[in-house]
Amino acid sequence: MSAEDAASQDDLPKDDLAKDDLAKDDLAKDDLPKDDLMERIVNVSKRRGFIFPSAEIYGGFRSTYDYGPLGVLMLRNVKDAWWRSMVQLRDDVVGIDAAILSSPRIWEASGHLANFTDPMVDCRSCHERWRADKIGDACPNCGSHDLTEPRAFNLMFKTYAGPVEDEGTVAYLRPETAQGMFVNFLNVLQTTRKKPPFGIAQVGKSFRNEITPQNFVFRTREFEQMEMEYFVPPGEADQWFTYWTEARMQWYLDLGMPADKLRLRHHGPDELSHYSTATADVEFAFPWGWDELEGIANRGDYDLQAHSAHSGQRLEYFDQSTGERYVPYVIEPAAGATRTMVAFLLAAYDEDEVGGEKRTVLRLDPRLAPYQVAVLPLSKNDRLVPLSRQVLERVQPVCMCDFDVTQSIGRRYRRQDEVGTPLCVTVDFDSLEDKAVTIRDRDSTEQSRVPIEDLAGHIQDRLALPGC
Ligand code: ATP
């Protein structure tokens with residue numbers, strides 16, 4: 001984000017704003033990528049309940065989206081996988097959950113009020129508005145070269161806390177989760193007795209009044225982030241920057257992201273934010289090209305210094321063993337949860353043939369799939385259904401299960417393949433006698449027989465599901 005002359009949303013004429021919003025809504029619909037794969041993901045998301053356009057019965061609302069029954073499970077799995085790796089499996093990182101509604105003083109100190117802007121241009125011909133750094137010198141809508149000079153558009157959502165709307169009650173919806181970690185630095189230090197190097201992690205919603213939200217949930221005005229601020233002695237910053245770029249790349253690979261769809265791109269000196277001495281982006285090969293999933297930055301002591309200066313509190317670390325007092329440097333891995341979810345969907349989408357029939361399959365890692373198991377009685381027979389329910393109750397404590405009784409078994413397998421369920425458990429007439437069930441594997445479609453008694457443990461081992 002950069003711009004010279006900061007203009008805020010308030011500076012725009014009201015008529016322009018109305019026109020802008022309408023234009024953007026139309027744009028969002030028309031702008032869905034024409035690319036086949038993306039269209040398929042958007043289609044499967046809507047049809048199977050991953051992601052719906054928000055307020056759809058009213059014609060949608062400004063490129064906002066709702067996560068449906070399957071989407072909410074998958075998004076939670078993405079965030080849980082991040083939390084597990086960043087917090088649970090470490091003893092040097094703790095979590096917080098800071099307020100979304102936040103004081104203007106935070107954003108004044110962080111520089112967001114002045115600088116969190118994108119350069120915006122208007123097309124004088126069709127009156128569309130665009131983010132200048134994302135288009136060439138022609139309007140993507142009508143091709144005209146008659147564009148206004150770029151002006152800075154502040155991306156923060158402004159509101160009022162309390163019944164009185166005046167300067168004293170102004171509040172902002174946070175545009176990133178990171179500042180919550182900086183303003184709580186002392187609280188966390190004092191309550192956890194951590195010492196650098198240590199980190200504070202947070203997962204939650206952020207809001208940016210993007211000029212052109214686009215590409216489904218890749219860029220939206222409301223989204224979720226997964227961020228961690230890692231506080232280190234200044235002399236160790238470079239080595240920790242390298243450590244976190246490698247660790248973060250590995251996280252995506254461990255969750256099944258193909259290596260040829262992932263790359264780490266180091267920013268050149270002209271691309272760096274003014275506070276950063278090094279930044280690298282984890283990029284994914286989206287259908288429209290390489291684009292960012294996560295940024296890892298060495299932020300130096302910029303944030304703690306800025307909040308110290310504005311709050312009058314000394315945000316520093318005192319090392320009792322050496323008597324040394326210093327302001328830690330910060331390495332920040334900042335990822336988008338919603339953006340990452342759509343990248344995993346894109347990477348997992350596959351079509352193949354089984355028994356001469358075409359099928360769509362999401363090859364999601366079991367830890368990310370909405371359901372790990374589907375329990376399917378072979379038919380609606382009134383002896384099979386009660387036994388199937390008993391089987392379901394055995395597996396539910398171990399993982400998320402679907403239970404589906406209607407349609408032919410083949411159709412039900414296809415439905416589960418399409419949403420990425422790694423294992424189907426079929427209860428058939430033999431099950432009544434041998435107290436065993438058939439497990440069918442999503443990827444190989446191979447089937448094997450497992451005693452009901454051993455089922456829960458078998459599934460846990462086979463899918464390598466995390467324990468507590
Ligand atoms: P961009 O340049 O694409 O606007 P950014 O570099 O400003 O993004 P950061 O501030 O580094 O993004 O945010 C960290 C992460 O949060 C991004 O890598 C992305 O995954 C996610 N993110 C940022 N903005 C959005 C958005 N509007 N919609 C969805 N995810 C977002």
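Where a number appears in this text, it was derived from the coordinates with a stated rule and is not lab data. A quick note: this is a predicted structure, and the numbers were derived from the prediction, not measured. For neighbour counting, all protein chains shown are included, and Cβ atoms are generated from backbone atoms with ideal geometry for every residue, glycine included.
The table for this structure:
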{"quantity": "Residue 326-residue 250 FRET efficiency (beta carbon distance; Förster radius 30 Å; 0.05 resolution)", "calculated": "0.50"}
{"quantity": "Under 5 Å, built H, 5+ apart or other chain: amide partners of residue 361", "calculated": "350, 351, 352"}
{"quantity": "Reachable aspartates and glutamates from residue 380, criterion Cα separation under 14 angstrom, eight or more residues apart if same chain", "calculated": "404, 428"}
{"quantity": "Table column - 3J(HN,Hα) (Hz), the stretch 368-385, Karplus curve with 6.51, -1.76, 1.60, x for Gly and Pro", "calculated": "9, 4, x, 10, 8, 9, 10, 9, 10, x, 4, 8, 7, 3, 7, 9, 6, 5"}
{"quantity": "Dipole magnitude (debye, nearest 20) for the chain, charges at Cβ of Lys, Arg, Asp, Glu", "calculated": "1400"}
{"quantity": "Relative contact order for the chain, counting Cα pairs under 8 Å that sit 6 or more residues apart, in percent", "calculated": "13"}
{"quantity": "Percent RCO, i.e. relative contact order, over the stretch 351-437, from Cα pairs under 8 Å lying at least 6 residues apart", "calculated": "40"}
{"quantity": "The stretch 371-462 shape via C-alpha gyration tensor axes, a/c threshold 1.5", "calculated": "rounded"}
{"quantity": "Proximal aspartates and glutamates to residue 195, defined as alpha-carbon separation beneath 15 angstrom and excluding residues fewer than eight positions away on the same chain", "calculated": "91, 92, 229, 236, 316, 319, 324"}
{"quantity": "The stretch 122-131 - phi-based ³J(HN,Hα) in whole Hz, Karplus 6.51/-1.76/1.60, Gly and Pro as x", "calculated": "9, 8, 6, 8, 10, 6, 6, 10, 9, 7"}
{"quantity": "Alpha carbon centroid spacing (whole Å) that separates the stretch 349-414 from the stretch 161-175", "calculated": "49"}
{"quantity": "Cβ-defined net charge surrounding residue 466, 15 Å radius [Lys, Arg +1; Asp, Glu -1]", "calculated": "+2"}
{"quantity": "10 Å beta-carbon shell around residue 436, net charge (K/R +1, D/E -1)", "calculated": "-4"}
{"quantity": "Environment charge at residue 285 (Cβ cut-off 9 Å; Lys +1, Arg +1, Asp -1, Glu -1)", "calculated": "-1"}
{"quantity": "Ordering of 285-298, 150-163 by burial proxy (mean other Cβ atoms within 10 Å per residue, highest first)", "calculated": "285-298, 150-163"}
{"quantity": "Violating pairs (Cα-Cα greater than 29 angstrom) within the set 79/194; 158/194; 46/261; 46/435; 46/158; 134/205", "calculated": "158/194; 46/435; 46/158"}
{"quantity": "Cβ crowding within 10 Å averaged over residues, with 136-143, 67-74, 250-257 ranked highest first", "calculated": "67-74, 250-257, 136-143"}
{"quantity": "Length-normalised contact order of the stretch 40-124 in % [C-alpha pairs under 8 Å, at least 6 apart]", "calculated": "15"}
{"quantity": "By average C-beta atoms within 10 angstrom, highest first, the peptides 198-211, 413-426, 261-274", "calculated": "413-426, 198-211, 261-274"}
{"quantity": "Using a Förster distance of 56 Å, the FRET efficiency for residue 350-residue 146 (Cβ separation, nearest 0.05)", "calculated": "0.80"}
